[in-house]
Structure formats: structure tokens, C-alpha cells
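One structure is given below, encoded as C-alpha cells.
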């Protein structure tokens, strides 16, 4: 997928309503995960990405700073992000656990 012509999301659009469920693409343009949810507000926001698994089984949630993702909208209006992280790098990160 050529992301060059996709429209970058404004900072006002970096909200759960826009980002949850968005596909994350790695440096080789491969799908590496999906946004599960967000933690925090503003530049300190962490994006929780579900990585790996099959049909929802074996998925590992990991948290990365929102600044490490470039969120955009394609011609169909679908929101997605590109990152320099590979799937293997994300899989080797500590598992994110929501506080009870």
C-alpha cells in the first residue's frame, strides 16, 4: 500500500473514536497488529497494539508511544498507521496489562 497520498490525522483526531481498531503497518508495509485502545492524553498517550495471534487467540498487547506511529486515512476513509517497529520487535516487548 502506498501511504504517500494518504491524509495524516490531525492531533485533534488522535482519539479512541478514530484510532481503536486501526491496522498498524510495519516498515515493510506488512500488517503487524491493530490498535486495541489508548492510555493517557496528549504527547504522553500510549497506544496499546494487539500483536500476533490468530482469530483473536494468542494476541499479545504491547504499549508504544503515540509519537512512534504515523496515523493516516486512506482514500476510502479507513484509519491506519505506519511504524518503524517490526512485528518481531513488538512481540519481544513486555506485555501490556491494564491496571485493575
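Read-outs: derived from the displayed coordinates by stated rules, not from any lab. Because the structure is a prediction, the values reported are computed rather than measured. Methodologically, a virtual Cβ is constructed for each residue, glycine included, from the backbone with ideal geometry; neighbour enumeration extends over all protein chains shown.
Side notes on the structure shown:
- Counting neighbouring Cβ atoms within 10 Å and putting the fewest first, the residues 1, 72, 93 line up as 1, 93, 72.
- Two-site FRET efficiency, residue 86 against residue 4, from Cβ-Cβ distance with R₀ of 30 Å, rounded to 0.05: 0.90
- The chain, Cα convex hull volume normalised per residue, Å³: 110
- Average Cα contact separation per residue, the range 1-98, under 8 Å, 6 or more apart, as relative contact order %: 29
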